[in-house]
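Novice: My structure is below; once you've seen it, I'll send some questions.
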Amino acid sequence: MSDSKGTDAGKAPAKTTKYDAVIVGAGFAGMYMLHKLRGMGLNAHVFEAGSDVGGTWFWNRYPGARVDIESQEYSFSFSKDLEEEWQWTERYAPQGELLDYANHIADRFDLRRDISFNTRVESARYDDQSGLWRIMTDQGETIEARYCVMATGCLSAAKTPDIPGAGNFKGETLSTATWPDDTDLTGKRVGIIGTGSSGIQTITTIAPQVEELYVFQRTPNYSVPAHNRPLDPSVREDWLANREDYRQQQRESGIGIVALEAGEDLALEQSEEDRQREFERRWAKGGFCVGAPYADTGVDPAANKLLADFVAGKIRGIVKDPHTADLLIPKTYPFGTKRLVVDTGYFEVYNQDNVHLIDLNETPIETITETGLRTSERDYEFDTLIYAIGFDAMTGALDRIDIRGRDGLKLKDKWAAGPLTYLGLTVSGFPNMFMITGPGSPSVLSNMIVSIEQHVDWIADCIHDMGERQLTVVEATPEAEAEWVAHVNEIADTTLYPQANSWYLGANVPGKPRVFMPYVGGVGVYREVCDEVAANGYKGFTLSRAPAEAS
Ligand code: NA7
């Protein structure tokens, strides 16, 4: 790190801190990126808005918050020692344990000394001449760095309530995305808006504690059982004994999860009996594997309906009141085209007398009131109002930073009609800026840890190769970017995904362009593409020296 003095006459000299690389965000992505770059001898620094590491698992502390991928699969592979020393206690780790894991990594690799906490990056501007990024924080710091890595997370920009009268409520207001530590809902009357993963996990956990629970549902979600339980020691033993093989399987798979057991046969070619047996087997196993029994359920409406009908039957079998069961069954989009929820007894809570489901399609919200909420039918009163309304996914966190590339081009403007990226890693016009799990990469359609590791390794290799060749500016070409965006859209259109109003498409944020953001081609295929690009001298990129350095 070194300091230089600003030169503007008449102004207090501005202090500029210099790094080789700035990383925005200290979630799993930012932590591993820091570790990796430091290992290469780079002077890298992380800026993090929160007061500690953990990202998603730092902020989302709502009751029942839990990962939806089996613990040993949702963990880093880059360090064998780390993998061998860490012990998960549950099949699906709860938020607290995931945060412990993040803290353990920060301690073990001594990361905190290169992280500034409670510091939000407000702007990042690229300077054409020097080829450096100038980054400003809300703490008044100015930083110059060759590389800027956005490890800002895909589900980190929480939506602000887009509901009439949102500020009216005089009772306790909570958001699942910024849940405080000191809240006790025991014996309270609670209203909750939103039935995505956060809502479903919260509802399931608080239903037995609260006096009354009013669930305001706009769109029912498909949810499958986790069958969570203490982690069987044999699972850990098996994982560690076959570690290399499992890790390889993850890297070559569709979504980075071995337990998915992605079916390769076609549902429509099976007998009814065989299909039901397979559906039942997966339901008994639990988790995302329920959603991947056959190769055609994600692309063929008739195959999809077979699975959707099976899950609808399960919901009817669990929920005793037929009308409530019917309201909980999704009917407006194909199975799996909104993020599947993995639950721990969700549908069962509707058999409790204190849990009330309100269908906002039948009776829309008119306004939040001082004491609760008014629908077109009646007033509801409660002590606590919980918003579980989701995120401005994938682009939101980047949009909230004033990012300007070559010639002052604003990223937000460039992305006005939807995100444009090359490989979901880089953006043409924004040299030396990388995104970890950005739009246009498998990202949220995959095990994030697997995708984070792949991106971090690729970025680190790229920076290393640039150094070897004494080059300082790497930038995606507009042609490569346009081709990649077209490819991402083209393959998304071969699936049923575009048929749902999901956050994958930005449909949950009013005014956001409807563009399918993640890459559906699979993490294995995607990895091959990225490796090939690098092996071919960074095909689709221009590599150069900044004008100020060119001799
Ligand atoms: P989600 O999955 O986006 O869920 C948000 C929920 O909130 C969803 O049911 C929305 O209904 C509902 N919502 C949002 N805005 C409103 C308004 N204005 N009125 C009523 N209901 C509303 O976010 P989560 O935090 O649960 O999960 C995000 C991801 O985190 C999850 O997929 C996992 O990957 C982990 P809608 O469906 O839009 O009609």
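The values are calculated or read from the model by the stated rules, or taken from the named source; none is laboratory data. Worth saying up front: this structure is predicted, and the values here are computed from it rather than measured. Neighbour counts run over all protein chains shown; Cβ positions are idealised from the backbone, glycine included. SASA here: full protein model, heavy atoms, side chains in, ligands and nucleic acids out. Shrake-Rupley method; radii C 1.70, N 1.55, O 1.52, S 1.80 Å.
Novice: Scan the stretch 180-190 and tell me whether some residue there is in a loop (DSSP other than H, G, I, E, B), crowded, with 19+ Cβ neighbours inside 10 Å and among the polar types (S, T, N, Q).
Specialist: no
Novice: Can you tell me which residue in the stretch 157-176 is farthest from Arg189 (Cα to Cα), limited to those that are under 26 Å from the mean Cα position of the chain (by Cα), surrounded by 16 or more Cβ atoms within 10 Å (Cβ to Cβ) and more than 10 Å from the ligand (Cβ to nearest atom)?
Specialist: Ala157
Novice: If you don't mind, another one. Here is a list: Glu479, Glu490. Which entry is free of Cβ contacts under 8 Å to residues at least 12 places away in the same chain and over 19 Å from the mean Cα position of the chain (by Cα)?
Specialist: The conditions single out Glu490.
Novice: Now for a different question. Going by the conditions given, is Thr205 more than 30 Å from Thr472 (Cα to Cα), open to solvent by less than 60 Å² (accessible area, probe 1.4 Å) and over 21 Å from the mean Cα position of the chain (by Cα)?
Specialist: yes
Novice: Among all residue pairs at least 6 apart or on different chains, which show Cβ distances below 6 Å where the first residue, located in the stretch 196-212, is in contact (Cβ under 8 Å) with a residue 24 or more places away in the chain and the second is more than 14 Å from the ligand (Cβ to nearest atom) and part of a helix (DSSP H, G or I)?
Specialist: Once the first residue is in contact (Cβ under 8 Å) with a residue 24 or more places away in the chain and sits in the stretch 196-212, its partners that are more than 14 Å from the ligand (Cβ to nearest atom) and part of a helix (DSSP H, G or I) give Thr204/Val349; Ala207/Val349.
Novice: Taking Ala106 as meeting all but one of (1) at positive phi; (2) open to solvent by less than 20 Å² (accessible area, probe 1.4 Å); (3) of a type in the set (Gly, Ala, Ser), write down the number of the exception.
Specialist: The single condition Ala106 does not satisfy is (1).
Novice: Specify the residue that is farthest from Gly199 (Cα to Cα); the eligible residues are those in the stretch 35-58 that are within 16 Å of the ligand (Cβ to nearest atom) and in contact with a helix residue (DSSP H, G or I) (Cβ under 6 Å, 6 or more places away or on another chain).
Specialist: Gly54
So that you can scan it fast, the table gives a plain yes or no per residue for (1) part of a loop (DSSP other than H, G, I, E, B); (2) open to solvent by 50 Å² or more (accessible area, probe 1.4 Å):
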{"position": "Asn228", "(1), (2)": "yes, no"}
{"position": "Ser234", "(1), (2)": "no, yes"}
{"position": "Trp239", "(1), (2)": "no, no"}
{"position": "Arg247", "(1), (2)": "no, no"}
{"position": "Ala259", "(1), (2)": "no, no"}
{"position": "Leu268", "(1), (2)": "no, yes"}
{"position": "Arg282", "(1), (2)": "no, no"}
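Novice: Next question. What residue, among those in the stretch 372-399 that are surrounded by fewer than 17 Cβ atoms within 10 Å (Cβ to Cβ) and assigned to a loop (DSSP other than H, G, I, E, B), is nearest to the ligand (Cβ to nearest atom)?
Specialist: Ser376
Novice: Identify the single condition in (1) closer than 26 Å to Val515 by Cβ; (2) within 13 Å of the ligand (Cβ to nearest atom); (3) open to solvent by 10 Å² or more (accessible area, probe 1.4 Å) that Val341 does not satisfy, given that it satisfies every other one.
Specialist: So the condition that Val341 fails would be (3).
Novice: Name, by its number, the condition in (1) hydrophobic (A, V, I, L, M, F, W, C); (2) within 20 Å of Gly424 (Cα to Cα); (3) within 15 Å of the ligand (Cβ to nearest atom) that does not hold for Ala124.
Specialist: (3)
Novice: Right, something else. Checking Ile200 against (1) assigned to a helix (DSSP H, G or I); (2) within 14 Å of the ligand (Cβ to nearest atom); (3) surrounded by fewer than 23 Cβ atoms within 10 Å (Cβ to Cβ), which test does it fail?
Specialist: It fails just one condition, (3).
Novice: Still on this structure, I have one more. Looking for whichever is open to solvent by less than 70 Å² (accessible area, probe 1.4 Å) and farther than 19 Å from Ser428 by Cα here; the options are Gly537, Gly524. Which one fits?
Specialist: Values: Gly537 fails: farther than 19 Å from Ser428 by Cα.
After applying the criteria, what remains is Gly524.
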